[in-house]
Amino acid sequence: MREIRIAINMRALRIANEYPQKYISELIHVARQTYSLYENGKGLPDLEAVCYLADFYGVSVDMLLYADLSAKQIADSTANEHFAIAPETSAIPLNGAEARMLINYKSLPSEVQKEVREFVRFKKKWAESQQASDNEK
């Protein structure tokens, strides 16, 4: 029988994505202390929480339960892995770093999300003007 590594993986994924325990515990609707018990292997999350965490981190339930998701493994596996945001009309491919950035963005307060969107629009216009300037040379 395979070793269940969910406690180690929950901690590794949370730390790799720079989330506090409180944030993840609120996502799965448990007290922070209960979540801490999960990470320390002194309790197990229910099936619904396991499925939600797997979906949240973009891994399969099988990976969350059994794989080695240490920080090095996460970096190696997501470097060439592609995720997709799939609105009804089309899919946008994302690599692991882009997916993590989007997850971090979604955790920001709405006011900060607005500032990030404005900054990205500014940087896009700036890059376009630089490219146009380079093309004129």
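Values quoted throughout were computed directly from the atomic coordinates according to the rules given, and no laboratory measurement underlies them. Keep in mind the model is a prediction, meaning the values are calculated, not measured. When we count neighbours, we look across all protein chains shown, and the Cβ atoms used for this are built from the backbone with ideal geometry, even at glycine.
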Exercise for the section: For the range 119-134, take each phi angle, set θ = phi - 60°, evaluate the Karplus expression 6.51 cos²θ - 1.76 cosθ + 1.60, and give the result in whole Hz per residue in order, putting x for glycine and proline. Expected result: 5, 5, 4, 4, 5, 5, 4, 4, 5, 5, 5, 5, 5, 4, 5, 5
Completion exercise
Proxy exposure order for 101, 10 (fewest C-beta within 10 Å first) is 101, 10
Handout entry: Cα gyration tensor category, rounded, prolate or oblate, for the range 12-53 with a/c compared to 1.5
Key = rounded
Practice task
Loop only per DSSP, at most 16 neighbouring Cβ atoms within 10 Å: give me the GluC sites (Glu not before Pro) in the range 1-76, ordered by residue number.
Solution key: 3, 18
